[in-house]
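J.: Attaching a single structure in structure tokens format; questions to follow.
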Amino acid sequence: MKKYKRLNDVYMREVTKKEIKVIKDEKLNAYITYKHVIDTSHACTTYINGRRVTILDKGYTILEYSPIGSMYNVRIFIDDKNHILLYYFDIIEYNEFKNDEIYYLDLFLDIIYCTKYASKCANFITLVDENELIAALNNNEITKEEFDRSYDVANKLMTEILNKKNIFINRKLKDYKRIKKNI
């Protein structure tokens, strides 16, 4: 089944107290969601390059870009010392802003761009959840056109990242600092 998600719920299960701010950036033609974690029930961790790395905990922030008319959202995980850990791209069918919230229809396939800071060796890109995309096609939850489009968007994004052309990665902490300063 396609996953229709409310952006403010994504990566928030462990969070017990948070501060959320959503702004529309006309120049970027995107919504920016600032999710600052004040308290959690426990840290959210993942393995990166063979080491367990905390990607969400007290004092951490997730900055999300929802570009209008694009087929992806990008989530940036920032630690409590203002280091970018990773960028997580959701390939989506569409996003929409309604009732003062952002929603999107997830198309299963995701890209993770891990920073050298988190991996302790080098930046790297990985494509994940291909098994979910294939299962969705096999179960007739998505069409062959949606399946192909997911890969097309993912390949374009990975090429942008490799060529250092992705607008959101290139912004680094610019929007995070701007929003944090104005809260």
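J.: Measure up Lys27/Lys172; Lys24/Lys81; Lys21/Lys181; Lys24/Lys181; Lys17/Lys98 against 18 Å on the Cα-Cα distance and list the ones that go over.
T.: Pairs exceeding the cut-off: Lys24/Lys81; Lys17/Lys98.
J.: Within the range 1-72, which GluC sites (Glu not before Pro) sit in a loop by DSSP and count at most 16 neighbouring Cβ atoms inside 10 Å?
T.: Numbers: sites: Glu14, Glu19, Glu26, Glu64; in loops: Glu14, Glu26.
Counting only loop positions with at most 16 other Cβ atoms within 10 Å, the GluC sites (Glu not before Pro) in the range 1-72 are Glu14, Glu26.
J.: Under a crude label model (7 Å from the Cα following the beta-carbon direction), how far is Arg13 from Leu173 in nanometres?
T.: 3.0 nm
J.: Determine the alpha carbon to alpha carbon distance for each of Lys144/Lys164; Lys18/Lys156; Lys5/Lys35 and list only those over 26 Å.
T.: Details: Lys144/Lys164 30 Å; Lys18/Lys156 33 Å; Lys5/Lys35 16 Å.
Too far apart for the 26 Å limit: Lys144/Lys164; Lys18/Lys156.
J.: Still on this structure, please answer the following. Simple spin-label model, 7 Å along Cα-to-Cβ: Glu96 to Asp152 in nm?
T.: Going by the 7 Å Cα→Cβ label model, 2.2 nm.
J.: Shifting gears a bit: Quick one: with all protein chains in place, what share of the accessible area of the range 1-41 is carbon or sulfur, to the nearest percent (1.4 Å probe)? Write down the numbers at each step before the final one.
T.: Values: 1120 of 2440 Å².
Of all accessible area on the range 1-41, carbon and sulfur atoms account for 46 percent.
J.: Follow-up question, since we're still on this one. Given the Cα-Cα distance of His83 and Lys58 and 0.36 nm per residue of separation, how much length would full extension add, in nm? Numbers along the way, then the final one.
T.: Working: separation 25, 0.36 × 25 = 9.00 nm, distance 1.42 nm.
Length gained between His83 and Lys58: 7.6 nm.
J.: Whole number in Å², please: accessible area per residue of the chain, 1.4 Å probe, ligands, DNA and RNA not counted.
T.: Working: 9510 Å² over 183 residues.
Ligands and nucleic acids excluded, the figure is 52 Å² per residue.
J.: What's the FRET efficiency of Asn131 with Lys181 using the Cβ-Cβ distance as r and R₀ = 35 Å, to the nearest 0.05?
T.: Numbers: r = 41 Å, r/R0 = 1.18.
According to the calculation, E is roughly 0.25.
J.: Using helices alone, I'd like the mean residue ellipticity at 222 nm for the chain: each DSSP H run of four-plus residues gives -39500 (n - 2.57), total over residue count, nearest 500. Please list the in-between numbers first.
T.: Numbers: 5 runs with 44 residues, N = 183.
Value at 222 nm, helices only: -6500 deg cm²/dmol.
The values are calculated or read from the model by the stated rules, or taken from the named source; none is laboratory data. Just so it is clear, the model here is predicted, and its values are computed rather than measured. Every residue, glycine as well, gets a Cβ built from its backbone with ideal geometry; the counts of neighbours run over all protein chains shown. Surface accessibility is based on the protein's heavy atoms, side chains included, excluding ligands, DNA and RNA. Shrake-Rupley method; radii C 1.70, N 1.55, O 1.52, S 1.80 Å.
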